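The values are calculated or read from the model by the stated rules, or taken from the named source; none is laboratory data. Remember, it's a predicted structure, so these values are computed and weren't measured experimentally. We place every Cβ from the backbone using ideal geometry, glycine too, and count neighbours over all the protein chains shown. In case anyone asks, the SASA skips ligands and DNA or RNA and just uses the protein heavy atoms, side chains included. Shrake-Rupley method; radii C 1.70, N 1.55, O 1.52, S 1.80 Å.
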Amino acid sequence: MKPRPSLDLAGTAEFLKSGACKSVYVLTGAGASTGAGIPDFRSPGGMYDSLRPELITATEAQRKRMRMDPVNVVMKDMFFQNQFPYLEVRRPFILGTQQQQWKATLTHWFMRFLEEEGLLKRLFTQNIDGLDYQTGISPELVTNVHGSLARVSCEGCGYEMPFDDFCAQVRTNVKDIYRTDPTAPAESSNINCPRCNAPLVKPNTVLFGGSLPSAFFEQLDDLNGADLLIVAGTSLVVSPANSVVMYVAKDCLRLIVNKEPVGQDLGIRYGKDATRDVWAGEVSCDEAFLDLIKMLGWQDKVRKIKHLLPESNQAMVKDL
Ligand SMILES: [Zn+2]
């Protein structure tokens, strides 16, 4: 039997320092990036909440679908009918990504620190913002479960288009439904694939009704070797990404960093029922990982990158 750490953040830190914990896997979601200012598209004020289908270039029937369920914006069959809902809704997110408008948070940096300590075996992220890479984390350790905004390809023929070329066309061809960019065109026109000429180019994000990257399924079996699984900033409602929590061995410690306890339906147990699950409490991801950083004595690592953190994190680390 492995020695059982106490089921709290301090116990998790002790376990990480003990040498008995050699293999850490991580699953992140939108909460990892909220400190960077990227709104969770499911939350109030997020992309779905503020969607105004009447502004989108679409037929009345397509607008009706989006009104009934905003997820239709990123549905595969919708995209194949009309690429504008996706491109118009995501325009600021695509161009902001190109301009590095958002900065990696303490949560992203914590994963990089885990790699520096030789502990990180894999980071599965459901986020498409690519902020993980800003920390210099080894790209081969990162699996973008839902794809990435910063790579572009044709859904028809697979042609990969350089991100900057694509962004140049987004700027000139796609109207700004948020009305923040005065240089945007008044009407949208298609962005066609340079190879097959179909209007099917878009960032490599996984559409609803589309399939996840095959690497994700191949890597799930590795989770069996995990000593610690960290689940951060995800409500664990999106399948199959949420199945990560079930692929770890029965004695693997699981740390849940999310403002509410999640995953009870997937077998995660809290409070007196907990046997190997730790809830970080009602705190943001960045707060929880800063606490862990202090418990681990990794303050020096943060001091070195302090100036790179987003504004919301600056106040948290000013006395470090
Ligand atoms: Zn094509």
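Quick notes
- Of the listed requirements (1) open to solvent by 10 Å² or more (accessible area, probe 1.4 Å); (2) not assigned by TED's automatic domain parsing to the domain that holds residue 157, residue 114 misses just one: (1).
- Selection of the stretch 155-172 for residues being within 16 Å of residue 199 (Cβ to Cβ) and either modelled with pLDDT under 95 or within 16 Å of the ligand (Cβ to nearest atom) (or both) yields 155, 156, 157, 158, 159, 161, 165, 166, 169.
- Residues in the stretch 235-251 that are under 22 Å from residue 210 (Cβ atoms) and open to solvent by less than 10 Å² (accessible area, probe 1.4 Å): 236, 241, 244.
- Residue within the stretch 105-116 that is within 16 Å of the ligand (Cβ to nearest atom), in a helix (DSSP H, G or I), among the aliphatic types (A, V, I, L, M) and under 22 Å from the mean Cα position of the chain (by Cα) present: no
- Set 194, 182: member being open to solvent by 50 Å² or more (accessible area, probe 1.4 Å) and within 16 Å of the ligand (Cβ to nearest atom): 194
- Among the candidates 79, 93, residue that is crowded, with 16+ Cβ neighbours inside 10 Å, in the same structural domain as residue 178 (by TED's automatic domain parsing) and in contact with a Lys or Arg (Cβ under 9 Å, 6 or more places away or on another chain): 79
- Taking residues in the stretch 52-81 that are more than 19 Å from residue 176 (Cα to Cα) and touching a residue at least 12 places away in the same chain (Cβ under 8 Å), and partners anywhere that are open to solvent by 20 Å² or more (accessible area, probe 1.4 Å) and assigned to a loop (DSSP other than H, G, I, E, B), the pairs with Cβ atoms closer than 6 Å and at least 6 places apart or on different chains are 75/209; 76/209; 76/210.
- Which listed residue, of 210, 233, 271, is at positive phi and either at pLDDT below 95 or in the same structural domain as residue 84 (by TED's automatic domain parsing) (or both): 271
- Answer from 234, 172 - the residue that is assigned to a helix (DSSP H, G or I) and of a type in the set (Ser, Thr, Tyr): 172
- Of all residues in the stretch 178-208 being part of a loop (DSSP other than H, G, I, E, B) and under 19 Å from the mean Cα position of the chain (by Cα), the one that is nearest to residue 253 (Cα to Cα): 206
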